[in-house]
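This report refers to the structure that appears directly beneath it.
The values are calculated or read from the model by the stated rules, or taken from the named source; none is laboratory data. Computed from a prediction, not measured in an experiment: that's the story for all the values here. Counting neighbours? That spans all protein chains shown, and the Cβs are built from the backbone with ideal geometry, glycine included. Each accessible area value is taken on the protein alone, full model and side chains, heavy atoms only, with ligands, DNA and RNA left out. Shrake-Rupley method; radii C 1.70, N 1.55, O 1.52, S 1.80 Å.
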Amino acid sequence: MISQHAIAHNRCRGVFFLHGAGFASWVPHIPLVQEKLGLNHENLGLALLAAAIGVIAAMPFSARFSDRFGSNIVVKFSGLLFFPSLVAPLFMTTLPTLAATLFVMGFCAALMDIAMNANGVSLERIRGKSILSGLHGFWSLGGFCGAGFATLWFALPLSKTVHLPVSVIMLLATHWYLQRGLLSDRVHPATSGPDISQPASPPCKQPKTGTERPIFWLLLPFGICAFIGQFGEGVITDWVTVLMIRALDTPVSVAAAGFAFYSAAMAITRLSGDWLVMQLGRAPVLIASCGLATTGYLIIALSPHYLISWLGCFIAGTGLAVILPLLISSAAASTGKSGGTVVATIAAIGYTALMAGPPVIGAVGERYGLINAFLLVAGFLSLIIPVYLTSMRKRLKTVRNS
């Protein structure tokens with residue numbers, strides 16, 4: 001008989017899948033919105049910046065709500081807002097209205113994102129084993145399916161504008177079913193931990209230093225690496241289709257397939273990420289991920305043909321896949337704080353880059369070209385290694401690989 005926690009784990013996987021599918025369903029429409037409104041790279045980047053501001057604005061609310069009411073409740077209501085917000089940008093006719101709808105999209109996406117990660121942290125603690133990378137694998141699997149469905153839809157003689165409303169209806173119906181089985185992890189007012197049973201093994205304690213360091217400083221190295229990794233994710237998500245269309249003169253369906261390859265690599269690597277961490281250790285996985293992500297970006301930027309760009313997307317997806325779940329899981333295990341607090345603290349530093357990266361690269365691409373912008377991101381991703389060497393080596397060694 002399947003246990004209640006196993007059911008909650010499967011439902012959490014499904015929620016991650018839906019969030020990824022929703023985001024990937026919106027991505028192929030970015031070049032279409034740009035063309036419809038006649039925006040250059042810089043103006044499109046400014047519109048995407050509004051989504052980044054929405055993400056930042058949602059951080060404190062999602063953490064506080066998740067700890068007070070339970071992350072499962074926040075997932076429920078934020079999902080009911082997030083999926084409809086994906087459709088609104090398609091019908092905007094001016095840059096300000098586009099920016100406003102993207103702000104709402106970013107806000108709702110972050111509310112749901114942080115809450116479902118907090119729910120995953122609670123599940124990881126109660127089950128006593130690493131599961132967060134696998135949950136992110138289902139997010140990427142959802143991204144692959146969402147992008148694949150968009151690719152198929154765009155290849156058929158169907159209205160591109162209808163694609164997203166149809167996708168959102170299916171996502172909303174499935175979300176309403178899945179969220180009812182999530183783990184309830186509301187924090188008691190008198191405690192700092194979630195209302196769940198104790199995990200099989202306690203979180204690793206930090207060394208005593210006389211005075212306890214603020215959690216922000218404890219999590220800062222993890223947040224910096226998360227920022228770098230999420231910067232790379234944000235750029236490739238919003239700009240790789242535009243780069244392939246503009247630099248290689250590929251049709252929209254071919255460019256969307258490139259993002260599908262990226263999402264497939266993310267899914268495959270994340271689904272095996274927990275096993276890789278337990279076999280190889282956190283540090284080797286983090287360093288190898290950094291190298292692959294940098295290599296993938298270089299291939300995308302220097303590719304003379306869309307087939308090689310697809311390869312670059314796959315390699316970049318393999319490298320970027322486990323960076324974020326590895327960092328969140330390590331940070332949660334090393335502090336023992338509530339899931340909402342840990343996830344939101346790292347997210348405030350790292351998730352911001354997921355939305356802030358695209359407008360920055362849009363401005364750089366407008367002045368120096370998108371190819372040079374992608375080369376710049378490749379160099380930025382390589383900075384994870386010196387951050388690890390200078391501030392994270394001992395921290396990762398104190399946390400169990402399981």
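Summary table below
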read-out	value
Inter-site label distance for Thr93 and Arg367 at 7 Å from Cα along Cβ, in nm	3.4
Carbon and sulfur %, accessible surface of the stretch 1-108 computed with the full protein complex present, 1.4 Å	69
Over the chain: Rg over Rh, Cα atoms, Kirkwood Rh	0.95
Gap separating the Cα centres of the stretch 1-64 and the stretch 279-299, nearest whole Å	24
Where the chain is the region considered: accessible area per residue in Å², 1.4 Å probe	40
Accessible area, probe 1.4 Å, largest first, for residues Tyr297, Tyr177, Tyr368, Tyr306	Tyr368, Tyr177, Tyr306, Tyr297
Estimated inter-spin distance, Ser3 and Leu307, nm [label 7 Å along Cα→Cβ]	5.0
Full-stretch length increase - Glu42, Leu152 - with 0.36 nm per residue and alpha-carbon distance subtracted	36.6 nm
Counting all C-alpha pairs of the stretch 6-143, share separated by more than 20 Å (%)	48
Relative contact order of the chain, defined on C-alpha pairs under 8 angstrom at six or more residues apart (%)	27
Surface accessible to a 1.4 Å probe, His5 within the full protein complex, Å²	60
Accessible surface ranking that places the most exposed of Glu233, Glu366, Glu35 first, with a 1.4 angstrom probe	Glu35, Glu366, Glu233
In the chain, lysine pairs with alpha-carbon atoms under 14 angstrom apart (chain gap of 8 or more, or interchain)	4
Calculated from backbone phi, Karplus (6.51, -1.76, 1.60) coupling profile of the stretch 94-101 in Hz, x at Gly/Pro	9, 4, x, 5, 4, 4, 5, 5
Nitroxide proxy distance, nm - points 7 Å out along Cα→Cβ at Leu81 and Val162	3.2
Among Gly14, Trp26, Ala265 - extreme Cα towards positive end, dipole of the chain, charges at beta-carbon	Gly14
Test item: Cα-centred dipole of the chain, Lys/Arg +1 and Asp/Glu -1 on Cβ, debye	1220
